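Participant: I am attaching a structure below and will ask some questions about it afterwards.
The values are calculated or read from the model by the stated rules, or taken from the named source; none is laboratory data. Because the structure is a prediction, the values reported are computed rather than measured. When we count neighbours, we look across all protein chains shown, and the Cβ atoms used for this are built from the backbone with ideal geometry, even at glycine. These area figures cover heavy atoms from the full protein model, side chains too; ligands, DNA and RNA do not enter into them. Shrake-Rupley method; radii C 1.70, N 1.55, O 1.52, S 1.80 Å.
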Amino acid sequence: MDFFNSMNVSSSALSAERTRMNLISGNLANANATRTPEGGPYKRKDAVFSATPIENSFSRTLDGATGREVRQVEVVQIIEDQNPPRMQYDPNHPDADPQGYVALPNVNVVEEMADMINATRTYEANVAAVQAAKSMALKTLEISK
Amino acid sequence: MPVDGLFSTTVTILGKTIDLRARNQALIASNVANAETPHYTPKALSFENELQGALKGGSNRVQTLTHARHFPLNGSSSRIQDVTGKVVETPAKSPGKDGNAVEIEAEMSRMTENQIMYNASVQILAKKFEGLRSALREGK
């Protein structure tokens, strides 16, 4: 078991959180987009996280039970929120239906902001984990000083 | 082991502690990484009791065989070397709706504790070698 393993695990989480952050930015940016290339209003997007064993099977075998239990995180799927769109009465809008309602994206801005804070904090926690592993690895070099 | 006289069990046990703490760090990093993964249960390495047992068991190492058919006891160093620790689950008391049982505050404090203990072990080991070196140089 070396520290690069635990750094790799933390960096997998950093990139997963960054993916989530990108999706949140996309959701916020398109909170009022009524047209998309696929047609209809924009649909909220979310990432599905999955805990996966680390790839390097050689070191995993070498590390025994601990190595097998260490999991990195991966974005396995990006899903579209299937909740119905927000209906807003605005008869003058070019995308309004015959009843005068416009279908707006199913994005809840407050929810997105809360998710964003969550992603930021988790990102920070993983940065702290990388720093911890780094300082431990450097500390080891002091044995031979 | 003849070198036991010079290095005693200190070097063995500190080396083992450093190894186990490094493994524990990887597990904690994996918990922090999966703080948002549904149905993930955090894990940690528990080895304190096992290590203490190995150290205590080694105290009766100094022994003379009084009978030809007595079994020699294991040296304590090898017993310490055999400690691997056990991976235990450390779920939060109230898991989230998505089944994720990681408590980020607990994980961060566990990580800090692990890091401090690791640094302490490294420092003691470095001091041990420093002391030996000083003795070799006759204190110069």
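Participant: Are any of the residues in region B:58-75 under 23 Å from the mean Cα position of the chain (by Cα) and at pLDDT 80 or above?
Facilitator: no
Participant: Mind checking whether some residue in region A:101-115 is outside any strand (DSSP E or B) and within 14 Å of chain B (Cβ to nearest Cβ)?
Facilitator: Within region A:101-115 (the criterion being outside any strand (DSSP E or B) and within 14 Å of chain B (Cβ to nearest Cβ)), the answer is yes, since at least one residue qualifies.
Participant: Within the group A:Ala103, A:Ala96, A:Ala137, A:Ala47, which residue is over 26 Å from B:Thr17 (Cβ atoms), more than 26 Å from the chain's Cα centre (by Cα) and touching a residue at least 24 places away in the same chain (Cβ under 8 Å)?
Facilitator: None of the others qualify; the one that does is A:Ala103.
Participant: Out of all the residues in region B:2-19, is one or more more than 16 Å from B:Thr90 (Cα to Cα), among the basic types (Lys, Arg), modelled with pLDDT of 90 or more and surrounded by 14 or more Cβ atoms within 10 Å (Cβ to Cβ)?
Facilitator: yes
Participant: Which residue out of A:Asn32, A:Asn118 is surrounded by 12 or more Cβ atoms within 10 Å (Cβ to Cβ) and touching a residue at least 12 places away in the same chain (Cβ under 8 Å)?
Facilitator: A:Asn32 is the lone residue from the list that is surrounded by 12 or more Cβ atoms within 10 Å (Cβ to Cβ) and touching a residue at least 12 places away in the same chain (Cβ under 8 Å).
Participant: Here's something else I'd like to know. Being farther than 27 Å from A:Asn30 by Cβ and not β-branched (Val, Ile, Thr), is that true of even one residue in region A:106-113?
Facilitator: No; the residues of region A:106-113 include none that is farther than 27 Å from A:Asn30 by Cβ and not β-branched (Val, Ile, Thr).
Participant: Only residues that are surrounded by 19 or more Cβ atoms within 10 Å (Cβ to Cβ) and modelled with pLDDT of 85 or more: list them for region A:52-73, please.
Facilitator: Matches in region A:52-73: A:Val70, A:Arg71, A:Gln72, A:Val73.
Participant: OK, next. Looking at (1) open to solvent by 60 Å² or more (accessible area, probe 1.4 Å); (2) within 9 Å of chain B (Cβ to nearest Cβ), which one does A:Ala129 not meet, given that it meets all the others?
Facilitator: Among (1) open to solvent by 60 Å² or more (accessible area, probe 1.4 Å); (2) within 9 Å of chain B (Cβ to nearest Cβ), the lone unmet condition for A:Ala129 is (1).
Participant: Restricting to region A:1-41, what's the tally of residues that are on the phi < 0 side of the Ramachandran plot, more than 8 Å from every other protein chain (Cβ to nearest Cβ) and over 14 Å from the mean Cα position of the chain (by Cα)?
Facilitator: Qualifying residue count, region A:1-41: 14.
Participant: Also, I was wondering about something else. Collect the residues in region B:100-112 that are assigned to a helix (DSSP H, G or I) and either at the interface with another protein chain (Cβ under 10 Å from one of its Cβ atoms) or surrounded by fewer than 13 Cβ atoms within 10 Å (Cβ to Cβ) (or both), keeping them in residue-number order.
Facilitator: The answer is B:Ile104, B:Glu105, B:Glu107, B:Met108, B:Ser109, B:Met111, B:Thr112.
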